[in-house]
Amino acid sequence: MTQKMKPARRILDLPPYLFKEIDDKKRAVLAQGRPLINLGIGDPDLPTPSFVVEAMAREIRRTENQKYPAYEGSAAFRKAVAGYMRERFGVEADPDREVMALIGSKEGIAHFAWGFIDPGDISLVPDPGYPVYRITTELSGGTAYMLPMEERSGFFPDLSEIPESVLKKAKILYLNYPNNPTGAVADRERLAETVVWAKKHGLIIVPDAAYAEIVYDPGDRFSLLSLPGARDVVIEFHSFSKTFNMTGWRIGFAVGNQTLISGLLKIKTNLDSGVFDAIQLASAAGLSRLPSFLDGLVAEYKIRKEALTEILSIHGWKFFPPAGAFYVWAECPKGIASKDWTMRLIGQTGIVTTPGSGFGNAGEGYVRFSLTQPVQVIRRVDEALSKILVKV
Ligand code: PLP
């Protein structure tokens, strides 16, 4: 390799790939002919609903859908999203100025920081949390200030602990409810206070609402944009991935403050060429039939959640009872690092989880179970756990 082939600093500075060793361990178990119970990744096992697939089959044949799409998303898609935000969250959004299509919410979240973080700026990042908030801040030249979230405070960060010197440089506060990895849901009162606090400090709030529809009590369905004054400082990111089992389709949307939406759009017009129109139209068709589909989906996750938490209780595990998303955040035995515990679980029981340390330092001491396997598979955790040599 010549000196000039050396990757850029921003790549060299990326953290090492945590899952390499775990992947190797999984392969070793399979090579011994032992089965895995894979509760590691958050990729739904269930299919995209047929009404979305059928709409896609229709739209893909239309020549007009085979061209470059509009950067901000088609008018039909943005109108459908505005209708969805009104019906599901009581939020009014102007489809022309306050809504845009994304190639999945990850893409939008990642690019947003490029539009708003300069070197020297700080992002306030929940820990444990989805790793993209920190990485995209750093790729943009900024610094992530981690906000540890504890179980006893409902996995809500203590904003009063942030030093004044950090607040001065902070531009973005990321929040994610229902939360990956903990399953905590939004505490409206605290969020309302947070909007007031963010305005006082001139901060942008970026709520990641990827799991907004996966709540076990319908009363927990919530958009931060419904709070008074939120429109002044919020850009909220939504996804079709988890709501409609569409992780592979790559579609989501951003909704919120007009200036923040146009900044993101400016970045994206220079970097990508929008979402395939057929996918936008199929997704818009999906939104119109969401409620009936979603009831069944959430009921299924509830069955899985109850099966897994009952098994964990029987085996003496401590876990945070999830109110949303499709994860169970469970404590490791004292004194064992989450990665070591993950490796041991795979090796001795075939159960695959995600180590909490992959979500930040505050995730250490936990593992995340994903409920993305049928309940029959989840029930096998009971027998598998009896094989583990270390008692929890
Ligand atoms: N946000 C959170 C918290 C997630 O867990 C995920 C995916 O796992 C995403 C965003 C990204 O979802 P997508 O890019 O598929 O919309």
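The values are calculated or read from the model by the stated rules, or taken from the named source; none is laboratory data. Keep in mind that this is a model prediction, so the values were computed, not measured. Ideal geometry is used to build each Cβ from the backbone, glycine not excepted, and the neighbour counts take in all protein chains shown. Accessible surface areas use protein heavy atoms only, side chains included; no ligands, DNA or RNA. Shrake-Rupley method; radii C 1.70, N 1.55, O 1.52, S 1.80 Å.
Points to keep in mind about this one:
- Of all residues assigned to the range 312-335, at least one qualifies as being basic (Lys, Arg) and either in contact with a Pro (Cβ under 8 Å, 6 or more places away or on another chain) or not assigned by TED's automatic domain parsing to the domain that holds Ala110 (or both).
- Some residue of the range 43-62 being open to solvent by 40 Å² or more (accessible area, probe 1.4 Å), within 16 Å of the ligand (Cβ to nearest atom), within 30 Å of Leu227 (Cα to Cα) and within 23 Å of the chain's Cα centre (by Cα): no
- Those residues of the range 354-371 which are buried (at least 24 other Cβ atoms within 10 Å of the Cβ) and of a type in the set (Ser, Thr, Tyr), in sequence order: Thr354, Tyr366, Ser370
- Unique residue being surrounded by fewer than 24 Cβ atoms within 10 Å (Cβ to Cβ), in contact (Cβ under 8 Å) with a residue 12 or more places away in the chain and not polar (S, T, N, Q) when the list is Asp277, Asp208: Asp277
- Test: residue in the range 160-168 that is crowded, with 19+ Cβ neighbours inside 10 Å, assigned by TED's automatic domain parsing to the domain that holds Leu225 and outside any loop (DSSP other than H, G, I, E, B): no
- Any chance Ser123 is modelled with pLDDT of 95 or more and either among the hydroxyl-bearing types (Ser, Thr, Tyr) or within 22 Å of Ala209 (Cβ to Cβ) (or both): yes
- Meets criteria (part of a loop (DSSP other than H, G, I, E, B), open to solvent by less than 30 Å² (accessible area, probe 1.4 Å) and either more than 16 Å from the ligand (Cβ to nearest atom) or in contact (Cβ under 8 Å) with a residue 60 or more places away in the chain (or both)) for Phe155: yes
- Lone qualifier among Gly115, Gly141, Gly108, Gly120 - being more than 16 Å from the ligand (Cβ to nearest atom) and assigned to a helix (DSSP H, G or I): Gly115
- Residue in the range 236-259 that is open to solvent by less than 10 Å² (accessible area, probe 1.4 Å), more than 15 Å from the ligand (Cβ to nearest atom), within 19 Å of Ile172 (Cα to Cα) and among the hydrophobic types (A, V, I, L, M, F, W, C) present: no
- In the range 171-185, the residues that are among the aliphatic types (A, V, I, L, M) and out of contact with any Ser or Thr (no Cβ under 7 Å at 6 or more places or on another chain): Leu173, Leu175, Ala184, Val185
- Those helices (runs of 4 or more DSSP H) lying entirely in the range 1-101 with at least 3 residues of a type in the set (A, V, I, L, M, F, W, C): 19-31, 50-59, 75-89
- Some residue of the range 327-346 being under 18 Å from Phe244 (Cα atoms) and within 24 Å of the chain's Cα centre (by Cα): yes
- Residues in the range 176-210 that are near the ligand (Cβ under 10 Å from one of its atoms) and not charged (D, E, K, R): Asn176, Tyr177, Pro178, Asn179, Asn180, Pro181, Ala209, Ala210.
- Any chance Lys318 is in contact with a strand residue (DSSP E or B) (Cβ under 8 Å, 6 or more places away or on another chain), buried (at least 20 other Cβ atoms within 10 Å of the Cβ) and among the basic types (Lys, Arg): no
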